[in-house]
Amino acid sequence: MARTPSNMLSLGTKAPDFELLDTVSGKLLSMDNIRGEKGTVVMFICNHCPFVIHVNPQIVALAKEYQEKGIAFVAISSNDVEHYPQDAPHLMRLKAKEEGYNFPYLYDQTQKVAKAYDAACTPDFYLFDTDLTLVYRGQLDDSRPENGVPLTGKDLKNAMEAILNGEKIDSNQKPSLGCNIKWIPS
């Protein structure tokens, strides 16, 4: 399992817009369709990555808790499905149902969205405020597969709480760590 860190897109960046297929509903969704009243979490994930499999229960729990507070969640898979067929859209739909995803799971076939977000790994987390300005990017928490640290979601959770409470978010943020995005060969 490759260990690739986040690229750490610059704080203050405006959320790149997109229009992607939601593999669950079959609809095309854009940032305007999914953005939250108080904030928006964009997650780059995929079906097969052990790091994503490890955090799935926590991201579902956080989404359930914070969607009720006005923060929207969306997951995007940008992997090359020709070489990684386990990440194909029809299997993304099945994975979303299996894991109980309570948020859209979008397919980035051209990988343009991953490039616009400077995403590098799965999972990779981005939190945008109500104006779609990047206020947090990086890890969910310190837990990794087999490191024995319990899943808490504390890093992302602290950033979401700061948004909800009108507080400044600490700019000292740790990159996520996971499998590299499987780029389409050029």
>> Can you give me the orientation-averaged projected area of the convex hull built on the Cα atoms of the range 4-180, in nm²?
In response: 9.0 nm²
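Among bridges DSSP assigns within the range 4-180, what percent are antiparallel (round to 5)? Mind dumping the intermediate values first?
Working: 20 of 29 bridges.
In the range 4-180, approximately 70 percent of DSSP beta bridges are antiparallel ones.
Pulled fully out, how much extra length does the chain show between W183 and E146, if you take 0.36 nm times their separation in residues and subtract their Cα-Cα distance? Don't skip to the answer; put the middle values down first.
Working: separation 37, 0.36 × 37 = 13.32 nm, distance 2.62 nm.
Result for the pair: 10.7 nm of gain on full extension.
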> Given charges of +1 on the Cβ of Lys and Arg and -1 on the Cβ of Asp and Glu, with all other atoms neutral, how large is the dipole of the chain about its Cα centre, in debye to the nearest 20?
Replying inline: 120 debye
> In a Debye calculation with equal point scatterers on the alpha-carbon sites of the range 1-85 and no solvent, what is log10 I(q)/I(0) at q = 0.15, 0.18, 0.21 Å⁻¹?
Replying inline: -0.69, -1.01, -1.33
>> Strictly under 4.7 angstrom between C-beta atoms: which cysteines of the chain have no such partner?
In response: C46, C121
> In the neighborhood of K168, defined by Cβ-to-Cβ distances under 14 Å, what is the net charge if each Lys or Arg adds +1 and each Asp or Glu adds -1?
Replying inline: -4
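Coordinate-derived values only; no laboratory data. If you're wondering where the values come from, they're calculated on a predicted model, not measured in any experiment. Cβ atoms come from the backbone with ideal geometry, glycine included; neighbour counts cover every protein chain shown.
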